[in-house]
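One structure is given below, encoded as structure tokens.
None of the figures in this text is laboratory data; all of them are computed from the coordinates on show. Since the structure is predicted, the reported quantities are computational estimates derived from the model, not experimental observations. Cβ coordinates were reconstructed from backbone atoms using ideal geometry, including for glycine residues, and neighbour counts include every protein chain displayed.
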């Protein structure tokens, strides 16, 4: 079984990793950890214009953070006895996770749920909802308390 888990720096993501770690998977299963960096885009206002290196530095910092997150999740999953890998992608996490799962032909895509509702969900979007709606494979959404859904 090919399993992909989408991670970020949130505690919701950590709950998803712990859930995957606690499950018994078929012999020969593989786990691929994926963290997606949203590109930092400069927003200029007349009162403040960031220096020319601001966007580059912010993007580099974001990449380092996601590399650490992916490596941490990969390390946490090493004890499963399964082959575990990690990668960092760039773009919108919603579409990048769906596309990565399609390309890798995974059987199961696991994501954590932030549980946003109302205006915050409208403004922030929902990676979990998008993945559930658009992934070609089965999707497991792990809630913070460790329950799986969808």
Simple label model, 7 Å out from Cα along Cβ direction - residue 38 to residue 56, nm: 2.4 nm
Extension reserve of the residue 92-residue 107 stretch, reckoned as 0.36 nm per residue once the Cα distance is removed: 3.2 nm
